[in-house]
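Beneath this line is the structure, given in structure tokens, with notes to follow.
The values are calculated or read from the model by the stated rules, or taken from the named source; none is laboratory data. These figures come from a predicted structure and were not determined experimentally. In this analysis, Cβ positions are derived from the backbone assuming ideal geometry, glycine residues included, and neighbour counts consider all displayed protein chains. Note: areas computed on protein heavy atoms with side chains; ligands, DNA, RNA excluded. Shrake-Rupley method; radii C 1.70, N 1.55, O 1.52, S 1.80 Å.
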Amino acid sequence: MKAGQQTTLRVDASITGVGVHSGLPATLTLHPADANTGIVFLRTGLKGRPDREIRADVRAVTATEFATVLGDPSGPLCSTAEHVLAALSGLRVDNAVVEIDGPEVPIMDGSAEPFCAAIDQAGIVTLGAPRRFIEVLKPVRVVRDAAIGELWPHARGFRVEVEIEFDNPLIGRQALAVDVDPASFRREIARARTFGFMRDVSKLWSAGYALGASFDNTLVVTDNRILNQDGLRYADEFVRHKALDAVGDLALAGAPLLGAFRSVRGGHKLNHAVLCALMADRSAWRMVEAPATRRPRGHAEVAAGAAPAYGPDVS
């Protein structure tokens, strides 16, 4: 696969499950798409109404309470989009149509791993168009109470640095920093599951959330133990899931980011606010295009860890 060119899926792949908040069943199908399509969500099964389609970008976010909800002025299109977006972004799939026949993306096991498996099943192919990036040119910062979120330039690609702190002895303060590429995403982030506290269950149910939550899709935490029989996948699985959410939420930039993101005590709302702040400051970013990838004759290959060079997109 050529790193400087856009990608899509080779064939369709589908998964079926229930929404963690709605509890409703849904089938999600990933379809190939042409170059420069981006990620598009297609909502079907609307009982006599026409299908609805929306491009996944920051302007499509209608709510960030407990999950990222995509929609338009006519209303929500689908909820809990962050895990499938994280998988597509983490595995560098630039173009795809995400068809869903229910109001919420299936939660599956609470992580991005099932979506990665669906992408692997479909396969990834290279397209003829160069990949385009959003390059962060200067720091952008959002502070909300004790939460801090920021983006700053990072020439070597996309980096996430996430710190959480919970008044719970099983979690406490955790921090993670990862330069995100397909290998590190699979290894460090993709398998981390969503989590919740047993003390909050009644309140969430009363508000219409977590109706599909179970031990199969959520890490459930009490004051002194993890209730899931299989325990943790990582010792710091909680902060890794927050990093997963950040990768998915920041995929709504509309193109891969060249920059570093830092979040302290954040979540979907803060992730969205930082992305909005970046987009609102036109001097803080520019669109750039990856150069054509050619191997010069008579020269050794550039080392895999070398920083890529990018040129401004002036088209």
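Of everything in region 58-74, what is touching a helix residue (DSSP H, G or I) at 6+ places or on another chain (Cβ under 6 Å) and surrounded by 18 or more Cβ atoms within 10 Å (Cβ to Cβ)? Give them in sequence order. Within region 58-74, VAL61, THR68, LEU70 qualify.
Considering region 178-227, the residues that are of a type in the set (Gly, Ala, Ser), out of contact with any Cys (no Cβ under 6 Å at 6 or more places or on another chain) and farther than 18 Å from GLY23 by Cβ include one that is most open to solvent (accessible area, probe 1.4 Å), namely ALA183. When region 1-31 is filtered for residues that are open to solvent by 50 Å² or more (accessible area, probe 1.4 Å), of a type outside the set (Asp, Glu) and modelled with pLDDT of 95 or more, the ones remaining, listed by number, are ARG10, VAL11, SER14, THR16, VAL18, LEU24, PRO25. For region 115-141, the tally of residues that are out of contact with any strand residue (DSSP E or B) (no Cβ under 8 Å at 6 or more places or on another chain) and crowded, with 20+ Cβ neighbours inside 10 Å stands at 1. Criterion applied to GLY248, GLY266 was being open to solvent by 10 Å² or more (accessible area, probe 1.4 Å), out of contact with any Pro (no Cβ under 9 Å at 6 or more places or on another chain), modelled with pLDDT of 95 or more and among the small types (Gly, Ala, Ser), and the one residue passing it is GLY266. Applying the condition of being more than 15 Å from the chain's Cα centre (by Cα) and of a type in the set (Gly, Ala, Ser) to region 222-258 and asking which residue is nearest to PHE195 (Cα to Cα) yields GLY231.
Open to solvent by 20 Å² or more (accessible area, probe 1.4 Å), at pLDDT 95 or above and among the hydrophobic types (A, V, I, L, M, F, W, C): does that describe ALA112? No. Restricted to region 36-147, the set of strands (runs of 3 or more DSSP E) holding at least 3 residues that are out of contact with any Pro (no Cβ under 6 Å at 6 or more places or on another chain) and in contact (Cβ under 8 Å) with a residue 40 or more places away in the chain comprises 39-43, 96-100, 124-130, 132-136, 140-144. Restricting attention to region 199-257, the residues being of a type in the set (Gly, Ala, Ser), touching a Ser or Thr at 6+ places or on another chain (Cβ under 7 Å) and more than 25 Å from ALA183 (Cβ to Cβ) number 1.
Applying a threshold of 9 Å to beta carbon distances and a minimum spacing of six or more residues, or different chains, the list of pairs starting in region 220-237 at a residue that is within 19 Å of VAL201 (Cβ to Cβ) and at pLDDT 95 or above and ending at one that is surrounded by 16 or more Cβ atoms within 10 Å (Cβ to Cβ) and basic (Lys, Arg) reads ASN228/ARG193.
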